[in-house]
Structures are given as structure tokens and as C-alpha cells.
Amino acid sequence: MNISHIEHIGIAVKSLEESIPYYEKILGLQCYNIEEVADQKVKTAFFKVGQTKIELLEPTSPESTIAKFIENRGEGIHHLAFAVDDTAATLHELNDKGVRLIDKEPRGGAEHLQIGFAHPKATGSVLTEFCCPEKAE
Ligand code: ZN
């Protein structure tokens, strides 16, 4: 596994519209992408902070894991995403090391990333994502 940096920090919010002004008007960051990930039932908004991003996640359905997270724990930091050179290889390596995973194989995420999550029970309760850019077909 080769982690190069923190790719993004995922933050669960009830409403992008209500949350974006804090990042833009107070912190002076700029939202450069809003993207719906139908598969995960979320709408995402991205800000760059150096080479790390902030990813705001708004649920688009009560069935979304983000909706359930907010219901149980309120808005706030949801996950940490490490940039790796190869998501599939990283997930396989973790699996071989006996780390419990949510995703044994990568899936498509926002921002053209291949993503996979380890289970928070295996990561000190920090929901941890590993991601790399989608490979060109
Ligand atoms: Zn993420």
C-alpha cells in the first residue's frame, strides 16, 4: 500500500445549500464541483485545500447511509479518504491482512475516483476510504 496524501475529508451535511456559504464566505474556499452520486444516494460539493479536498455529502434519500449517519450522530466529519496508487490492490492487501472491509472491490465515486471503504470496526472507528483516479479504459 502506498498512501501519498489525504485525498479528502468527507463531511455529512443536511443541506449543501445551507452548508456551502460557511466554506465560501467565511473560509474563502471555492466550491468547484457539485456532483450527484446516484449509487450512494448523495449529492456532493467539493472544495480544494492544498492537495486535499473537503467533500460535503448531502443525502438525496432517507435510505442513504449519510441520512442514517446524520440521524444517529448529527452533521459532522463522516470519513477520511487516503489517496493510494491502486485502490483494488490496496483493498486486496487489507483483506489479506485480515482487515474487515465494506468494499472488497473498488466502486466508482465522485470526482472520477475508484473508491473502497474499510469497516470502522477495523480502523479505530474512523470510517476510512482508499481512492485513486479511475484508470483510463
Ligand atoms: Zn469520500
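Miscellaneous remarks
- All of (1) farther than 18 Å from residue 3 by Cβ; (2) modelled with pLDDT of 95 or more; (3) within 15 Å of the ligand (Cβ to nearest atom) hold for residue 72 with one exception: (3).
- The lone exception for residue 28 - which of (1) modelled with pLDDT of 95 or more; (2) open to solvent by 40 Å² or more (accessible area, probe 1.4 Å); (3) assigned to a helix (DSSP H, G or I) it fails: (3)
- If you check 45, 89 for being open to solvent by less than 70 Å² (accessible area, probe 1.4 Å), at negative phi and under 13 Å from the mean Cα position of the chain (by Cα), only one passes: 45.
- Comparison of 98, 76, 108 shows that the only residue that is surrounded by fewer than 17 Cβ atoms within 10 Å (Cβ to Cβ), on the phi > 0 side of the Ramachandran plot and under 15 Å from the mean Cα position of the chain (by Cα) is 76.
- Among the candidates 110, 88, 118, the residue that is small (Gly, Ala, Ser) and more than 16 Å from the ligand (Cβ to nearest atom) is uniquely 88.
- Selection from region 37-58 of residues that are touching a His at 6+ places or on another chain (Cβ under 7 Å) and within 13 Å of the ligand (Cβ to nearest atom): 52, 53, 54, 55, 57
The values are calculated or read from the model by the stated rules, or taken from the named source; none is laboratory data. Predicted model, so just to flag it, every value in this text is computed and none were measured. Using ideal geometry, Cβ is built from the backbone for each residue, glycine included, and neighbour counts are taken over all protein chains shown. Accessible surface is based on the protein model in full, side chains and every heavy atom, while ligands, DNA and RNA are left aside. Shrake-Rupley method; radii C 1.70, N 1.55, O 1.52, S 1.80 Å.
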